[in-house]
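Bear in mind these aren't lab numbers, they're just calculated from the coordinates by the rules spelled out. Just so it is clear, the model here is predicted, and its values are computed rather than measured. Neighbour counts run over all protein chains shown; Cβ positions are idealised from the backbone, glycine included.
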Amino acid sequence: MEIDPVTNGNTDAVMTETAATITPSPPVPSSRLSQLTESLKLEHQLLRVPFEHYKKTIRANHRCFEKDVSSVVSGVGDLADNNWSKDVTVSRLTSLVSRLQGLKRKLEEGNNVENLQAQRCRARIDHLDSADVENITEWNNTKLKRILVDYMLRMSYFETASKLSESSNILDLVDIDIFREAKKVIDALKNREAASALAWCADNKTRLKKSKSKFEFQLRLQEFIELVRADTADSYKQAILYARKHLVPWGATHMKELQHVLATLAVKSTTECAKYKVLFELRQWDVLVHQFKYEFCKLYGMTMEPLLNIYLQAGLSALKTPYGFEEGCTKEDPLSQESFRKLAMPLPYSKQHHSKLVCYISKELMDTENPPQVLPNGYVYSTKALKEMAEKNGGKITCPRTGFVCNYADLVKAYIS
Amino acid sequence: MELKSIKDAFDRVANKQKLSYTKTNEIVQMVSQEIDKALSILKDSSSPYPTPLDHRSILAGVKKTFAENSPVNQLEAAEKELNVALTKYPKVLEKQLNTDIAKAYRNNVEFDTHIVNQIIANFFYRQGMFDIGDCFVAETGESECSTRKSFLEMHQILEAMKRRDLAPALNWAISNSEKLKQARSDLEMKLHSLHFLEIAQDQNSQEAIIYARKHFERFLESFPETQKLVCSLLWNRNLEKSPYSEFLSPALWNNAARELTRQYCNLLGESSESPLSITVTAGTQTLPVLLKYMNVMANKKLDWQSMEQLPVAVELSEEFQFHSVFVCPVSKEQSSDENPPMMMSCGHVLCKQTINKMSKNGSKSSFKCPYCPTDVDISRCRQLHF
């Protein structure tokens, strides 16, 4: 038995041939690199959300220290200005001292929390930094998991979200805590309780004011409506007191809405008047949930939609071709699957400026390296695939789609520009 | 994008935070020291004049110190510096990154949650993440995924292969032998080769030869590497120093596992790569192009919500090219059944409508090819099928 010395020991290459056809040879690295840079620019939310959280913690801690220190200082001032006995003075001072001790502890704890949050911000910057052309497949896998966790958190699938993040080791790259905070508010609103949403508004007062949000006003109006709905003699009085306290401050900017809602005092919750009936609908609470999600996402610099939907829309559009909907479409195309077809239905088709030919036999791209060849019957296949076929069959070519047989010599090269 | 400028801006924030913490600590320290001092004087019974007037003067002293040092103002000053850094960082992010990737999003399109959830569950099962898939299905209340059983079998086969147990893989390949042949897959041979090598390593050449006789015959014609496999028996005891050291490479196992996944998925009617991950990766490549387009067209009135085709071409990587697309180089239109691609006698390809135009609807029997000096005879143009 004679063994060809060239292929001798080169079995690996032979055995991996099929694998090589699946993973295409890497194209020009520079285009890959710029593609990578562009894709990293999509990660605003990844960096922004933990930073907003960090900033919020810093601000809240600071407000708290400032308040405590100034109350201790004014406490000393009060003692100095009043004529207390020595014993009272000593006991008051001692209580100030223990208050300061508490403050020191709070400062330490606050600093620890802030450091943890800073670490999380840094971990995300490092994660972006770790992406390069070599590990992009793995990086994209992690990205997909991050996107899935984001989807689950927005849909309140917390259990799977935590499980997936833990098992994939991406806890630092997802925002489970932040969404848990939101969930409390959302659940309360769904139970028709505005208290936790109002507390959230108070927590984020400055930010909401800056963006001219009227979410708090809407919550107040709803609480007012609930008092009117109660429909007892006492509840009307309460409603008026409530309006004086909580609605009047919004009068300067939102007089029209204020009047509209206040007028419900003159009607019953069972009114048929469409203009007021709508205010009593329980659906209004869902509107508040929606409004809260909007304010929440905006505050943290998140997109309103789950990232998954955004990426799916873009990807489906780019992949959507008339061919994907044909019978016998290759299974490799996601649009050959019923579920993906349904999602893609309302989306636009992709646009092509240049011809891209894929060999029917080898599924490889036909380009200048592997140019298309035309059989006498007009069917086109790649040079590589036809050569291989000819070598195996003594120079004969059989068209796999029509059964037409010809010689390799009968083929003509086609020029596609 | 400059990741470095993001890093620098964040370092600034973290530094200022540290400074602010130190400063706050100092201030609290100072306040508590002053009070402690006052207290110890007051408590000191040996003090000669423990009169009311006296303790008031001590307190007045502390008050004066506070008025001079003004700890509250100092705190505010420390916060101010930190605030500058805190305001600046988001601005750097906004400058370096795309702030709103939803700009190219169709708001009027609502995805069916059930479909999306089914796709996600399917993704977990395909990746072999059965725990998470089950947890997801339970939490979402979706109906059980039809593909779970099949993917479970596939992953059991793959797990066994990881333990170098080829029996389940071979069983599957043999029972699907015909279909694999149709798909022109060499999986069966790949698995037999691995098994042969295992036997040769673990047992002896004789066993290996018996195995080869039993299983290799069918492949002798189409797979010349059977020669090398058998020949490698000569170096059985130290294969690593033989011309066949590649047979020890873990790549062989990886390739076989990959081919098995591919064929298994294909027979299931699924793609070999996860369609979810293909679509999301395609989306990652598409979004930057769409966002750039939206920015350029910001002032133009765009009917983004209803257009039938994307207004801009997106060059996806090769692995996302599943179909042949022919775009006529003259008219820039995509070919279709009504307007198929036609090859001229010189080998250049145009679409039918363009050729009709150039020949004035057949009134001219020949015209010049737009790409070369050939005079094209219309009767010799023929339709192509890609």
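The figures follow:
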read-out	value
Size of charge dipole - the protein assembly as shown - debye, nearest 20, with Cβ of Lys, Arg +1 and Asp, Glu -1, no other charges	2780
Selection from B:Ile132, B:Ile58, A:Ala131, by position along the positive dipole direction of the protein assembly as shown (Cβ)	B:Ile58
On Cα atoms only, tilt of A:176-190 relative to the major axis of chain A in degrees	60
In degrees, nearest ten, helix B:148-162 long axis to first principal axis of chain B (Cα)	90
FRET efficiency, B:Ser177 to B:Glu198 (Cβ-Cβ, R0 30 Å, nearest 0.05)	0.90
Cα-centred dipole magnitude for chain B, charges only on beta-carbon of K, R (+1) and D, E (-1), debye, nearest 20	1220
Coil-residue trypsin sites (Lys or Arg not before Pro) of segment A:342-408, DSSP, other Cβ within 10 Å capped at 14	A:Arg401
For B:Val325, distant residues with modelled amide H under 5 Å away	A:Lys356, A:Leu357, A:Val358
Principal-axis tilt of helix B:130-140 within chain B, Cα atoms, nearest 10 degrees	70
A:Asp203 versus A:Lys363: modelled label distance in nm, points set 7 Å from Cα along the beta carbon direction	5.0
Added length on full extension, which subtracts the Cα-Cα distance from 0.36 nm per residue, B:Ser40 to B:Asn69	8.3 nm
Leading residue at positive end of dipole, segment B:322-386 (Cβ point charges), from B:Ser366, B:His348, B:Phe386	B:Ser366
Dipole of segment A:142-299 [Lys/Arg +1, Asp/Glu -1 at C-beta], most positive-end residue of A:Leu247, A:Ser156, A:Leu282	A:Leu247
Relative contact order for segment A:357-413, counting Cα pairs under 8 Å that sit 6 or more residues apart, in percent	31
Candidates A:Glu364, A:Glu257, A:Glu226, ranked by Gaussian network fluctuation over chain A, Cα under 10 Å, top entry	A:Glu364
Whole-angstrom gap from segment B:329-386 to segment A:250-303, using each part's C-alpha centre	65
MRE, 222 nm, helices only [DSSP H, n ≥ 4, -39500 (n - 2.57), over chain B, to nearest 500]	-19000 deg cm²/dmol
Cα-projected label distance for A:Ile176 with A:Phe325, points at 7 Å along beta-carbon direction, nm	4.2
Listed residues B:Gln201, B:Gln29, B:Gln182, most fluctuating in chain B (Gaussian network, C-alpha, under 10 Å)	B:Gln29
Karplus-derived HN-Hα couplings along segment A:145-152 (A = 6.51, B = -1.76, C = 1.60, θ = phi - 60°), whole Hz, x at Gly and Pro	5, 4, 5, 5, 5, 4, 4, 5
Rounded, prolate or oblate (a/c below 1.5 giving rounded, otherwise prolate when a/b exceeds b/c) for chain B by Cα gyration tensor	oblate
Mean separation of Cα contacts under 8 Å, 6 or more apart, over the residue count of chain B: relative contact order %	10
Interatomic Cα distance distribution for chain A, bins of 10 angstrom, percent	4, 13, 17, 17, 16, 12, 8, 6, 4, 2, 1, 0
Segment B:2-136: mean projected area of Cα convex hull, nm²	17.9
Contour minus Cα-Cα distance for B:Trp253 and B:Val296 (0.36 nm per residue)	10.5 nm
Low-density loop cleavage sites - trypsin sites (Lys or Arg not before Pro) in segment A:225-266, where at most 13 other Cβ are within 10 Å (DSSP)	none
Interchain or long-range residues, amide H under 5 Å from A:Tyr381's placed H	A:Gln373, A:Leu375
Along chain B, longest interval not containing exposed GluC sites (Glu not before Pro), exposed being DSSP loop plus at most 12 other Cβ atoms within 10 Å	B:3-109
Set of aspartates and glutamates near B:Lys360 by C-alpha distance (under 20 Å), chain-local residues within fewer than 8 positions excluded	B:Glu333, B:Glu338, B:Asp375, B:Asp377
Directionally averaged projected area (convex hull, Cα atoms, the protein assembly as shown), nm²	52.6
Assigned charges on the beta-carbon of Lys, Arg, Asp, Glu; segment A:328-386 dipole about Cα centre (debye)	180
Most fluctuating residue given options B:Phe124, B:Phe66, B:Phe219, as computed from a GNM of chain B linking Cα atoms under 10 Å	B:Phe66
Sites B:Arg382 and A:Asn393, calculated FRET efficiency, Cβ-Cβ separation with R0 35 Å, nearest 0.05	0.90
Ranking of A:Tyr408, A:Tyr151 by count of other Cβ atoms within 10 Å, fewest first	A:Tyr408, A:Tyr151
Value of relative contact order over chain A, rounded to a whole percent, pairs C-alpha under 8 Å and six or more apart	12
Projected label distance in nm at B:Leu267 and B:Asp112, using a 7 Å step from Cα toward the beta-carbon	3.0
For A:Tyr415, residues with placed amide H under 5 Å, excluding near neighbours	B:His348, B:Val349
Inter-chain Cβ neighbour average for residues A:301-310, partner chain, 10 Å	5
Stretch in chain B that is longest and holds no trypsin sites (Lys or Arg not before Pro) that DSSP places in a loop and that have at most 14 other beta carbons within 10 Å	B:1-162
Estimated [θ] at 222 nm from DSSP helical runs (n ≥ 4, -39500 (n - 2.57)) normalised by residues in chain A, nearest 500	-20000 deg cm²/dmol
